[in-house]
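Encoded as structure tokens, the structure appears first; notes follow it.
No value in this document is a laboratory result; all are computed from the given coordinates. Everything numeric here is computed off the predicted structure, so don't read it as measured data. In this analysis, Cβ positions are derived from the backbone assuming ideal geometry, glycine residues included, and neighbour counts consider all displayed protein chains.
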Amino acid sequence: MAASPEQMAAELPSPVDTRRRIPPASAEDIEVMADQAADILKEAVAAALEPQQRKVLRKWNLKEVAELLGVSRKTLERGIDDGKLPGGERVATGRRLFSLEEIHKIQEIFSLLPWRDPKTDRPIVIAVANFKGGVAKTSTSIHLGQYFALRGYRTLMIDIDAQGSLTTLFGLRPDADVKVEHTLAPWLYGPGVNGANPGWTGTLASAIQPTYWHGLDLIAANLQLYGAEFALAARQAQEPNFRFYRVLADGIATVSDQYDVIVIDTPPSLTFLTTNAIYAANGIVMPVPPAMMDFASSVSFFQLLSELVQVTNQNEAERKKFDFLGILISKYEPKNPTHIAIHDWLRAAFARRVLVNTMTMTTILRIGADIKTAYEIERYEGDRRTLSRAIEYLNGVNGEIEDVVRAQWPSKHQPPARPARLRQVAP
């Protein structure tokens with residue numbers, strides 16, 4: 001007799017439950033996860049920094065130095081042979097390799113350092129800002145800062161995101177390698193009542209540390225900045241005439257004479273610190289990917305920015321005005337129809353405020369386990385043309401911003417001087 005459907009079903013093997021079960025989490029579990037994540041980051045950074053255990057900047061060959069400085073290779077070779085220029089390092093292939101410090105020394109000897117005139121030009125503070133995450137703010141910030149340093153500008157980078165992504169790209173673990181005094185936190189807490197804050201020095205200079213990029217300094221970030229956010233709110237309530245939005249601007253004023261360009265990497269939200277960065281800035285660069293949600297978020301950004309400036313204008317004798325506010329189309333794919341359409345919308349809506357150059361989506365800018373930026377890559381395992389194109393895009397964007405910066409300096413309005421005659425410079 002044939003088996004009934006019920007009997008047949010009973011004889012079948014039980015189905016295997018392949019659904020993933022995500023376990024519950026207590027405070028103790030989360031603490032363990034934090035420790036595990038920190039250990040993984042420690043191992044990843046250590047692997048990336050082998051064998052020196054710290055980030056070391058690449059060197060440039062003679063051809064690259066000549067192209068960077070706009071000086072002929074023969075002129076450089078003649079200066080090296082005469083002992084008037086740094087000779088670099090001879091490697092096994094017979095080539096010469098030059099450190100960034102040596103490149104800056106050559107610039108100095110040729111009178112090619114692009115420093116601003118302290119009598120007529122003020123330092124330019126650039127906030128890279130957008131209240132939406134995932135728009136390439138940190139990538140834009142670090143490549144912009146490194147570009148200025150490579151060109152010979154005295155550059156300071158300030159990380160105001162408590163997650164410390166920019167700080168990590170400099171080879172520092174925010175939770176383990178960054179002391180609180182090397183962040184903005186002590187400055188944000190202020191001197192305290194009757195000098196109650198022992199970390200207060202009265203200047204941001206104590207928070208600045210040099211990086212492995214010659215001429216590029218850093219104020220790092222870590223989780224201490226979260227507490228500093230609340231400190232600003234408390235000071236607003238406790239200190240007469242305290243204006244929370246200008247604390248960073250006042251701090252930058254204590255060190256700005258040492259720099260030409262200051263780049264601030266901001267978090268993806270409108271916080272007290274982001275407000276400080278925007279108020280401190282002379283110029284804003286806003287990365288916007290050509291995607292619908294990112295385009296829509298730009299509307300909110302400009303609305304909130306307008307409200308913020310109106311509020312500060314009510315309290316300040318001088319109305320806030322940015323020297324420039326530029327929109328950078330980031331993560332652009334030139335063959336993507338949606339990207340092309342939104343690219344055109346942005347240009348139609350904002351016209352000259354949109355940078356001419358776009359930051360095209362490329363694997364080079366997706367910083368990998370070696371924690372190297374595009375400007376730090378010396379040898380690329382893939383197609384060398386991919387790296388060359390990425391550098392081309394970066395130099396296009398950053399060079400355009402450089403032109404805008406120099407336009408703010410009266411001393412740079414005249415045509416750039418030709419390389420001067422070789423002269424001796426004291427070591």
For the pair ALA37 and TRP200, the simple spin-label estimate (label points 7 Å beyond Cα toward Cβ) gives in nm 3.4
Spatially proximal aspartates and glutamates relative to LYS331 (Cα-Cα < 16 Å; intrachain offsets below 8 disregarded): ASP294, ASP344, GLU392
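Suppose R0 equals 41 Å. What FRET efficiency, 1/(1 + (r/R0)^6) with r the Cβ-Cβ distance, do ARG366 and ASP81 give to the nearest 0.05? Intermediate results must be reported in sequence, preceding the final value.
Numbers: r = 43 Å, r/R0 = 1.04.
Approximately 0.45, to the nearest 0.05.
If you stretched the chain out fully between ARG352 and GLU400, how much longer would it get, using 0.36 nm times the residue separation minus the C-alpha to C-alpha distance? Spell out each step's value before the answer.
Working: separation 48, 0.36 × 48 = 17.28 nm, distance 1.25 nm.
Between ARG352 and GLU400, full extension yields 16.0 nm more.
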Are there GluC sites (Glu not before Pro) in region 296-384 that DSSP marks as loop and that have at most 11 other Cβ atoms within 10 Å, and which are they? GLU318, GLU381
What whole-number distance in Å separates the alpha-carbon centres of region 147-219 and region 284-359? 27
How much FRET efficiency would the formula 1/(1 + (r/R0)^6) give for LEU325 and VAL56, where r is the Cβ-Cβ distance and R0 is 25 Å, rounded to 0.05? 0.10
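Filter the trypsin sites (Lys or Arg not before Pro) in region 146-209 down to the DSSP loop ones having no more than 16 other Cβ atoms within 10 Å, then list what survives. Intermediate values should be presented prior to the final figure.
Working: sites: ARG151, ARG154, LYS179; in loops: ARG154, LYS179.
Here the trypsin sites (Lys or Arg not before Pro) that fit, given the DSSP loop and packing criteria, are LYS179.
Give LYS63/LYS335; LYS59/LYS132; LYS119/LYS320; LYS132/LYS335 a once-over and call out the pairs whose C-alpha atoms are over 31 Å from each other.
Numbers: LYS63/LYS335 33 Å; LYS59/LYS132 36 Å; LYS119/LYS320 23 Å; LYS132/LYS335 24 Å.
Among LYS63/LYS335; LYS59/LYS132; LYS119/LYS320; LYS132/LYS335, the Cα-Cα distance tops 31 Å for LYS63/LYS335; LYS59/LYS132.
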Under 5 Å between amide H atoms, partner at least 5 residues away or on a different chain: which partners does VAL125 have, H built in plane at 1.01 Å? ILE262, ASN282, GLY283
Which lysines have a Cα lying under 26 Å from the Cα of LYS179, excluding residues fewer than 8 positions away in the same chain? LYS42, LYS55, LYS137, LYS372
Additional length obtainable on full extension of the chain from ALA317 to ASP175, 0.36 nm per residue less Cα span: 47.1 nm
Using DSSP to define loop residues, name the trypsin sites (Lys or Arg not before Pro) in region 306-386 whose beta-carbon has at most 13 other beta-carbon atoms within 10 Å. ARG319, LYS321, LYS335, ARG366, ARG379
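If r is the Cβ-Cβ distance from SER269 to SER388 and R0 is 35 Å, what FRET efficiency results, to the nearest 0.05?
On the way: r = 36 Å, r/R0 = 1.03.
So, using R0 = 35 Å, E works out to roughly 0.45.
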